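Student: Here's a structure for you.
The values are calculated or read from the model by the stated rules, or taken from the named source; none is laboratory data. Since we're looking at a predicted model, the values are computed, not measured. Positions of Cβ are backbone-derived with ideal geometry, glycine not excepted, and every protein chain shown enters the neighbour counts. Note: areas computed on protein heavy atoms with side chains; ligands, DNA, RNA excluded. Shrake-Rupley method; radii C 1.70, N 1.55, O 1.52, S 1.80 Å.
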Amino acid sequence: MDGEEFRHWSRRAADWGADYRAGLRDRPVRAQTAPGEIAARIAASPPEEPEAMEAIFQSFEADILPGMTHWQHPRFFAYFPANAAPVSVVAEYLVSAMAAQCMLWQTSPAATELEGRVTDWFRQAIGLPAEFSGTLQDTASSATLAAVLTLRERALGWRGNSKGLSGQPRLRVYCSGEVHTSIDRAVWFAGLGADNLVRIPIEGPGRAMNPQALQAAITADREAGYLPAGIIACVGGTGCGGRDDIRAVAEIAAREDLYLHVDAAWAGSAMICPEFRELWDGVEGADSIVINPHKWLGAQFDCTVQFLRDPSQQVRALAIRPEYLKTSGQDEITNYSEWSVVLGRRFRALKLWFLMRAHGLTGLREMIRNHVAWSVELAQKLGGEPDFEIITEPMLSLFTFRYSPAHLSGDEEAIAAANRALLEAINADGRIYLTQTLVDGRFVLRFQAGQFETTRDDVMLAFDVITGLARKAG
C-alpha cells in the first residue's frame with residue numbers, strides 16, 4: 001500500500017466508522033450468529049497472493065460485521081460499558097498512525113510527559129490528594145496484578161523476586177466475595193495460591209466486607225503462623241455494585257501495616273461528581289487505586305489509570321534496568337514501564353487528553369449524572385410492577401432485578417428458570433442487551449446504563465422490552 005492508497009483507505013475507514021456509529025440503533029445489540037458461523041465464512045488457509053483492499057473491505061462488512069456485538073450501541077446495558085467517545089476514536093487514529101512504542105521516556109518523551117500530566121488532571125477531577133501519582137495501564141487486571149506483586153514483595157521484605165517463594169511464610173490477602181475475578185487471577189499469577197485469598201463475610205445493603213470479621217481473620221492468621229500481606233477492597237463490584245467501607249478497611253490496613261489496593265474500575269469514574277465521593281470515603285488511605293476511564297468516562301479501550309500513594313514501592317517490585325533500557329545522561333526522568341508488568345506500552349494518554357479537553361468535566365459529569373438518574377428511574381418503574389422485584393438497589397447506575405410472577409412464588413428453581421429464559425428472549429430480541437449474576441445464590445438480571453450516547457428514551461425502552469417479553473412468555 002503506497003501513500004495515496006493509505007490516504008484513500010484511511011478516509012474510507014473513517015467514513016465507515018462515522019456511518020457505523022450513526023446507524024447503531026438500527027442494529028441488534030448482541031451478535032445474532034451461532035457458534036462457528038463466522039469461522040465458516042473465513043478461508044481455512046492463508047492466501048499465497050495479495051488480495052485487493054476492496055475485496056478485503058467487502059469481506060469485513062459481509063463476513064465479520066454480522067458476528068460483532070456492538071459495545072458502542074446506546075442500548076448496551078450488559079456487563080459494564082467499554083466506551084469509545086468519538087473524540088477518543090480520533091485520538092486513536094493518530095496513535096495508530098504514529099505506532100509509537102512508549103516504554104521509556106526517550107522512546108517518546110511526549111507520551112511519558114503527557115501521561116504524567118493527564119493522570120494528574122484525572123487525580124484532581126476525582127478529588128484525590130496530591131500525594132497520589134498516576135500511570136496508565138492496559139486494564140484493571142494488569143494494575144491489580146502489579147499491586148499484588150508489590151504487596152507480596154513488601155510483605156517479604158523485598159526478597160520474593162530474588163529468593164522465590166519456597167521456604168517463605170504463607171502470605172494472606174483479604175477481600176470480600178464481591179470483588180472481580182481479576183483479583184483471584186492476580187493472586188494465582190503472583191504465586192500466592194487461591195487458598196490464601198481469604199474471603200471476608202459481607203454485610204448490609206452495600207454488601208461490604210465486615211470490618212470486625214476482617215480484623216478477626218487477620219488476627220487469627222497471625223496466630224496460625226501466616227503472614228498477612230494486603231487487603232483488596234472494592235467500590236462498585238461487577239456483580240451488583242458491592243462497595244466496602246473504605247475508611248474502616250483503611251484504618252485496619254494502617255494498624256496492621258498491610259498494603260491496601262482499592263478496585264474502583266467502574267465506579268471510580270463517577271467520582272468526578274463530588275456528590276458520589278461518599279461512596280469511597282477514606283480512599284486517601286489506600287496504597288493503590290485502579291479506575292478504568294475506558295468503562296464509563298469514554299476513553300477508548302484500553303485505558304486504565306492506577307493511582308499510587310508511593311510509586312517507589314511498585315517500581316521496586318517491578319523494575320529491571322538492563323543497559324539497553326537506560327537513558328544516557330538522564331537520571332531525573334520517569335519510565336512508566338517500570339511501574340507495570342509489561343515492558344511495551346501504547347500511547348494511551350492522548351485519547352484521555354483529547355477526551356477531557358473536548359468534553360470538559362462539566363460535560364462528563366452531566367453524562368454520568370444522567371445515567372445514574374435514568375437507572376434509578378427504571379429501577380423504580382420495574383419495582384412498581386407486581387411481577388418484578390428489585391434485588392439490589394441502584395449503586396450509581398447498576399441494579400439487579402428478577403421476574404417473579406405470583407404463580408411461581410416460593411419455587412426458587414422455577415423462578416431461576418423463568419429468568420434464564422427471559423434473559424435469552426431479551427438478548428435474542430436484540431433491542432437491548434443484559435447479563436446476569438448471582439446474589440446470595442439467586443439468579444438475577446443486571447442492568448447498568450453507561451454507554452456514552454445513551455439517552456433516557458433508550459433506558460425507558462428497556463422497561464418495555466423487559467416487561468413485554470416477560471408477559472409474552474407467561
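Student: Would you be so kind as to identify which of PRO109, PHE122, ALA216 lies farthest towards the positive end of the dipole of the chain, taking Lys and Arg as +1 and Asp and Glu as -1 on Cβ and the Cα centre as origin?
Tutor: Towards the positive end, the residue furthest out is ALA216.
Student: Explain nothing, just compute: Karplus ³J(HN,Hα) = 6.51 cos²θ - 1.76 cosθ + 1.60, θ = phi - 60°, for every residue of the stretch 355-368 in order, whole Hz, x for Gly and Pro.
Tutor: Whole-Hz 3J(HN,Hα) from phi for the stretch 355-368: 4, 5, 6, 6, 9, x, 5, 4, x, 5, 5, 4, 4, 5.
Student: Can you list the lysines whose alpha carbon is less than 28 Å from that of LYS381, not counting same-chain residues fewer than 8 positions off?
Tutor: Once the sequence-local lysines are set aside, what remains near LYS381 is LYS295, LYS472.
Student: Around PHE452, which amide H atoms from residues at least 5 apart in sequence, or from another chain, sit under 5 Å from its own amide H, with H modelled in the peptide plane?
Tutor: Amide H to amide H, under 5 Å and 5 or more residues apart or across chains, PHE452 pairs with ALA84.
Student: Please list 3J(HN,Hα) in residue order for the stretch 175-182, calculated via the Karplus relation 6.51 cos²θ - 1.76 cosθ + 1.60 where θ = phi - 60°; whole Hz, with x for glycine and proline.
Tutor: Computed from phi, the couplings for the stretch 175-182 are 7, 9, x, 8, 6, 6, 5, 4 Hz.
Student: Let me ask you something else. How large a share of the accessible area of the chain, in percent, is made up of carbon and sulfur atoms when the probe is 1.4 Å and the other protein chains stay in place?
Tutor: 51 percent
Student: Also, I was wondering about something else. Relative contact order for the stretch 3-133: what percent, with Cα pairs under 8 Å and sequence separation of 6 or more?
Tutor: 20 percent
Student: Ok, one more. Quick one: putting +1 on the C-beta of Lys and Arg, -1 on the C-beta of Asp and Glu, what dipole do you get for the stretch 3-72 around its Cα centre, in Debye to the nearest 20?
Tutor: Computed about the Cα centre, the dipole is about 520 debye.
Student: Rounding to the nearest 20 debye, state how big the charge dipole of the stretch 361-473 is about its Cα centre with +1 on each Lys and Arg Cβ and -1 on each Asp and Glu Cβ.
Tutor: Its charge dipole is roughly 200 debye.
Student: Still on this structure, please answer the following. I need the Kirkwood Rh of the chain: take the reciprocal of the average 1/r across all distinct C-alpha pairs and report it in angstrom.
Tutor: Roughly 24.2 Å, rounded to one decimal.
Student: If ligands, DNA and RNA are left out, what is the accessible area of GLU424 with a 1.4 Å probe, given in Å² to the nearest 10?
Tutor: 100 Å²
Student: So what's the back-of-envelope 222 nm ellipticity for the chain, counting only DSSP H runs of four-plus at -39500 (n - 2.57) apiece and dividing by all residues, rounded to 500?
Tutor: -13000 deg cm²/dmol
Student: Mind checking which aspartates and glutamates have their Cα closer than 12 Å to the Cα of LYS163? Skip sequence neighbours fewer than 8 apart in that chain.
Tutor: Excluding near neighbours in sequence, the set is GLU153.
Student: Extending each Cα 7 Å along its Cβ direction at ALA224 and ARG185, get the distance between those two points in nm, one decimal.
Tutor: 2.7 nm
Student: At 25 °C and a viscosity of 0.890 mPa s, what translational diffusion coefficient does Stokes-Einstein give for the stretch 101-346, taking Rh as the Kirkwood radius over Cα pairs? Give it in µm²/s as a whole number.
Tutor: 134 µm²/s
Student: Which cross-chain or sequence-distant (5 or more) residues have an amide H under 5 Å from the amide H of TYR174, H modelled 1.01 Å from N in plane?
Tutor: Under 5 Å from the amide H of TYR174: VAL198, GLY230, ILE231, ILE232.
Student: Tell me which of ILE432, GLY23, ALA140 sits at the most positive position along the dipole axis of the chain, charges placed on C-beta atoms (Lys, Arg +1; Asp, Glu -1).
Tutor: Working it through, the farthest residue towards the positive pole turns out to be ALA140.
Student: Run the numbers on the stretch 3-72 and let me know its relative contact order in percent, using alpha-carbon pairs under 8 Å that are six or more apart.
Tutor: 52 percent
Student: Given Cβ point charges of +1 (Lys, Arg) and -1 (Asp, Glu) and nothing else, what value in debye, to the nearest 20, does the dipole of the chain about its Cα centre take?
Tutor: With only Lys, Arg, Asp and Glu charged at Cβ, the dipole is about 500 debye.
Student: Next question. Only bridges whose two residues both fall in the chain count here: according to DSSP, what percent of them are antiparallel, nearest 5?
Tutor: 60 percent
Student: Just subtract the alpha-carbon distance of ASP440 and ALA39 from 0.36 nm times their residue separation and send over the number in nm, one decimal.
Tutor: 140.5 nm
Student: Also, I was wondering about something else. Just want to confirm a number: the relative contact order over the chain, from Cα pairs under 8 angstrom separated by 6+ residues, in percent.
Tutor: In percent, rounded to a whole number, it is 21.
Student: Could you please put LYS381, LYS472, LYS163, LYS326 in sequence from largest to smallest accessible area, using a 1.4 Å probe?
Tutor: LYS472, LYS163, LYS326, LYS381
Student: Still on this structure, please answer the following. Give the accessible surface of the chain per residue, rounded to a whole number of Å², with probe radius 1.4 Å and ligands, DNA and RNA excluded.
Tutor: With all protein chains present, the chain gives 45 Å² per residue.
Student: Then there is this: Which ³J(HN,Hα) values in Hz, rounded to whole numbers, follow from the phi angles of the stretch 348-353 under the Karplus curve 6.51 cos²θ - 1.76 cosθ + 1.60, where θ = phi - 60° and Gly and Pro get x?
Tutor: Values, residue by residue: 7, 5, 4, 5, 5, 5 Hz.
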